[in-house]
Every structure is written in structure tokens, then in C-alpha cells.
1. Go through the range 37-59 and give me each residue that's of a type in the set (D, E, K, R) and within 18 Å of E4 (Cα to Cα).
2. So which residues in the range 66-119 are over 14 Å from I22 (Cβ atoms) and of a type in the set (G, A, S)?
3. Any idea how many residues of the range 82-119 are under 23 Å from S25 (Cα atoms) and either of a type in the set (A, V, I, L, M) or surrounded by 19 or more Cβ atoms within 10 Å (Cβ to Cβ) (or both)?
4. (1) surrounded by fewer than 23 Cβ atoms within 10 Å (Cβ to Cβ); (2) of a type in the set (V, I, T); (3) in contact (Cβ under 8 Å) with a residue 24 or more places away in the chain: which one isn't true of V8, the others all being true?
5. Consider D60 against the criteria (1) in contact with a helix residue (DSSP H, G or I) (Cβ under 9 Å, 6 or more places away or on another chain); (2) surrounded by fewer than 19 Cβ atoms within 10 Å (Cβ to Cβ): it satisfies all of them except one. Which criterion is unmet?
6. Would you check if R106 is modelled with pLDDT under 95 and basic (K, R)?
7. Pairs, please: C-beta under 9 Å, at least 6 apart or cross-chain, first residue free of Cβ contacts under 8 Å to residues at least 60 places away in the same chain and closer than 11 Å to A9 by Cβ and in the range 50-79, second aliphatic (A, V, I, L, M) and part of a loop (DSSP other than H, G, I, E, B)?
8. Which of the residues that make up the range 23-39 are surrounded by 15 or more Cβ atoms within 10 Å (Cβ to Cβ) and out of contact with any strand residue (DSSP E or B) (no Cβ under 8 Å at 6 or more places or on another chain)?
Amino acid sequence: MKGERILVADDSSIAREGLQRIMESWGSDDDHQIIGSASSVEEVRNLLEGGLRPSVAIIDHKMPNVGDGERAAKIVRKLSPQTTIVSMSSDDGVTWGDYNLQKQYRAKEIVDFLTGLKH
């Protein structure tokens, strides 16, 4: 879908900044934009309690602990139920998101994936 408003939750600043650059470079044609960035479960909660309503939340599986991504997803589901959740992991078998991506995706593949979302 064009015009996704994205929350990125990853404890790695490189990953968060990388996704920001991808959206600025590759996602601008489809009007995708990062509207929030969090490095912890607590920051996800604070952003949503503050009124942030992303259309998509891209959440790291290990943030920084195994299970933190899943905890963050539960918070998103409770506070912003219309948000589509995308789990992002370097591990196979992560299936708690509405969609599940591996971190090996290239920039254009991520943008194409976001543009192709149906929700």
C-alpha cells in the first residue's frame, strides 16, 4: 500500500537509521515515511501512549532480548490495533507478526514489500 506511516522498533541504531535512509531513498516514490523510532519495548509503549498511530510497525525480534519484539507487538496490538505488525529477524521461524521478514532483504525488496501490503 502506498503512503505507509511506519514505526521502527529495533535496539540497533544502525538498523533504525538504515531503514530511515531506505525510506528516504527508495520509499519516497511510494510516500512511505518513518513516523516513529524506538529502541526498546518501553519506547514503543511511550510512543503509542503519546498518540502515535502507525499503519505499519516493523519490530526486531531481539530488542535486545529474545522475546522483546513479541512483547512490543502485543503492546502495539493493544494500543494501536489497526497497525500491521511486521517482525524482522535474522532467524528463520519467527512467526508472531502479521508478516515476517528476514533481515537479509535488500532495500528495494523492503520497499516493494511495504507497497504490496494489503490491510
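The values are calculated or read from the model by the stated rules, or taken from the named source; none is laboratory data. A quick note: this is a predicted structure, and the numbers were derived from the prediction, not measured. Every residue, glycine as well, gets a Cβ built from its backbone with ideal geometry; the counts of neighbours run over all protein chains shown.
1. Filtering the range 37-59 for residues of a type in the set (D, E, K, R) gives 42-43, 45, 49, 53.
Result: R53, single match.
2. If the condition is that a residue be over 14 Å from I22 (Cβ atoms) and of a type in the set (G, A, S), then G67, G69, A72, A73, S80, S87, S89, S90, G93, G97, G116 are the ones that fit.
3. So the answer is 12.
4. (1)
5. Unmet for D60, out of (1) in contact with a helix residue (DSSP H, G or I) (Cβ under 9 Å, 6 or more places away or on another chain); (2) surrounded by fewer than 19 Cβ atoms within 10 Å (Cβ to Cβ): (2).
6. Working: modelled with pLDDT under 95: yes; basic (K, R): yes.
The answer is yes for R106.
7. Close Cβ pairs (under 9 Å, with a partner that is aliphatic (A, V, I, L, M) and part of a loop (DSSP other than H, G, I, E, B)) amount to H61/V94; R71/M63.
8. W26, D30
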